[in-house]
Amino acid sequence: MSAQPIYALYIINKSGGLMYQAEFAEEARKLTMNDHLRLAGTFYGLYAITSNVTPTKGTSTGLQVLETDGFRLQSYQSPTGIVFYLTGHPGRGNYDHLLKQIYQLYADYVLKNPFYELEQPIHCQQFDAALVKLLKEDLK
Amino acid sequence: MASKNARLGEYTFNKVDKVNAEIFVLTYGTIVAQMLEDFDDVNETNKQLDRMGYRIGVRLIDEFLARSGIGRCKDLKETADNIAKVAFKMFLGITARIENWSADEKEFSVILDENPLLDYVELPPSIRTSLWYDNVICGVIRGALEMVQLSVDVAYLKSPLRGDDFCEVRVTFKEYIADEVPVGED
């Protein structure tokens, strides 16, 4: 099966600020930092709205899957309020396992770094390297 | 459900990396001794241990959630059960019990029949009734729960270092923290 790549990962904090953003495929369009910030903010807003418009009485998560013929987007919100979302090739299946593993990598390389301040932008080289490794292995 | 959590605790405990217990116990003991020396005040030391625990807790919660795969708890009882059966097992290798629920079901005690942090520890008489040696645990619980929007007070009630049979940590639920978290509240 030919590689169906992940295009990008975004991590948003509880207040909707962009903590981390990375692109993994050369064929993805290059965006500026401002674009990324705007995209993240928009997605966060979407996520908040979609979790509040649930027609059922119970609680609901926000937007989890978005599919277009150009890409598939899938999100995951941790119980602590951090939102991770991935965009990738539309032909791919589910990203659930990837999102779970990225959450674990976050818990390891970001949170266990004592000099990382919570909710702030992530600048951890080990996290970057681990992500690249994870997504490369996933392509196989 | 109770045994399901116990199994999850066991499973997660087996999955995670282990560290030498002696190093851990020695490190912690050094921290407490150093704090007592630096602050020269038992109450201040208790407070600092709690604050240290808080800082650990706010980070530990994501580790706990990511590794155990546990999602939102339906109610405080489920939270308590997860703390005792899964979290304590995962991080300290011990299984705690939940007892002494208050009538309004907003308070409970976490009972530790064994506590590896306290092995080999004997408190000098001058601080035996005032120092809570492993007060860091209270901070950890408080910090961790705050990150999942539960505001709680956590305090030590009993300790074998004071002659009691077991450790008892009292957790009092205060309120849900209405955050900007978009997902509906528990």
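Here is how the numbers come out for the structure above:
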item: Test: residue A:49 is closer than 30 Å to residue B:73 by Cβ and in contact (Cβ under 8 Å) with a residue 60 or more places away in the chain; result: no
item: Residue within the range A:21-32 that is free of Cβ contacts under 8 Å to residues at least 24 places away in the same chain, away from every other protein chain (no Cβ under 14 Å), closer than 19 Å to residue A:121 by Cβ and over 15 Å from the mean Cα position of the chain (by Cα) present; result: yes
item: Residue list for the range A:60-91, filter: within 28 Å of residue B:144 (Cα to Cα) and either loosely packed, with under 13 Cβ neighbours inside 10 Å or of a type in the set (A, V, I, L, M) (or both); result: A:63, A:82, A:83, A:86
item: Residue match in the range B:144-151 (condition: part of a strand (DSSP E or B), surrounded by 15 or more Cβ atoms within 10 Å (Cβ to Cβ) and modelled with pLDDT under 95); result: yes
item: Tally of residues being closer than 21 Å to residue B:133 by Cα and not aliphatic (A, V, I, L, M) across the range B:46-101; result: 15
item: Residue count for the range B:44-84, restricted to those that are over 12 Å from the mean Cα position of the chain (by Cα) and farther than 26 Å from residue A:114 by Cβ; result: 10
item: Extreme residue, nearest to residue A:103 (Cα to Cα), among residues of the range A:61-77 that are within 14 Å of chain B (Cβ to nearest Cβ) and assigned to a loop (DSSP other than H, G, I, E, B); result: A:64
item: Boolean, residue B:109 is farther than 27 Å from residue A:57 by Cβ and surrounded by 15 or more Cβ atoms within 10 Å (Cβ to Cβ); result: yes
item: Residue in the range A:95-104 that is within 23 Å of residue B:147 (Cβ to Cβ), of a type in the set (Val, Ile, Thr), out of contact with any Cys (no Cβ under 7 Å at 6 or more places or on another chain) and touching a residue at least 60 places away in the same chain (Cβ under 8 Å) present; result: yes
item: Long-range neighbours under 6 Å by Cβ, at least six apart or interchain, first residue under 18 Å from residue B:142 (Cα atoms) within the range B:25-50, second surrounded by fewer than 15 Cβ atoms within 10 Å (Cβ to Cβ); result: B:45/B:39
item: Residue that is nearest to residue B:62 (Cα to Cα) [pool: residues in the range A:94-109 that are more than 9 Å from chain B (Cβ to nearest Cβ) and of a type in the set (A, V, I, L, M, F, W, C)]; result: A:102
item: Selected residue (only one of B:83, B:94 is away from every other protein chain (no Cβ under 12 Å) and in a loop (DSSP other than H, G, I, E, B)); result: B:94
item: Residues that are crowded, with 23+ Cβ neighbours inside 10 Å and among the hydroxyl-bearing types (Ser, Thr, Tyr), drawn from the range B:119-143; result: B:133
item: Pair list, Cβ < 8 Å and 6+ apart or interchain, from the range A:125-140 residues that are on the phi > 0 side of the Ramachandran plot to residues that are not in a helix (DSSP H, G or I); result: none
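A quick yes/no check of all residues on (1) in contact with a strand residue (DSSP E or B) (Cβ under 9 Å, 6 or more places away or on another chain); (2) part of a loop (DSSP other than H, G, I, E, B); (3) of a type outside the set (Asp, Glu):
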| site | (1), (2), (3) |
| --- | --- |
| A:7 | yes, no, yes |
| A:11 | yes, no, yes |
| A:21 | yes, no, yes |
| A:27 | yes, yes, no |
| A:46 | yes, no, yes |
| A:54 | no, yes, yes |
| A:59 | no, yes, yes |
| A:79 | no, yes, yes |
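The values are calculated or read from the model by the stated rules, or taken from the named source; none is laboratory data. Everything numeric here is computed off the predicted structure, so don't read it as measured data. Note that we place each Cβ from the backbone using ideal geometry, even for glycine, and neighbour counts take in every protein chain shown.
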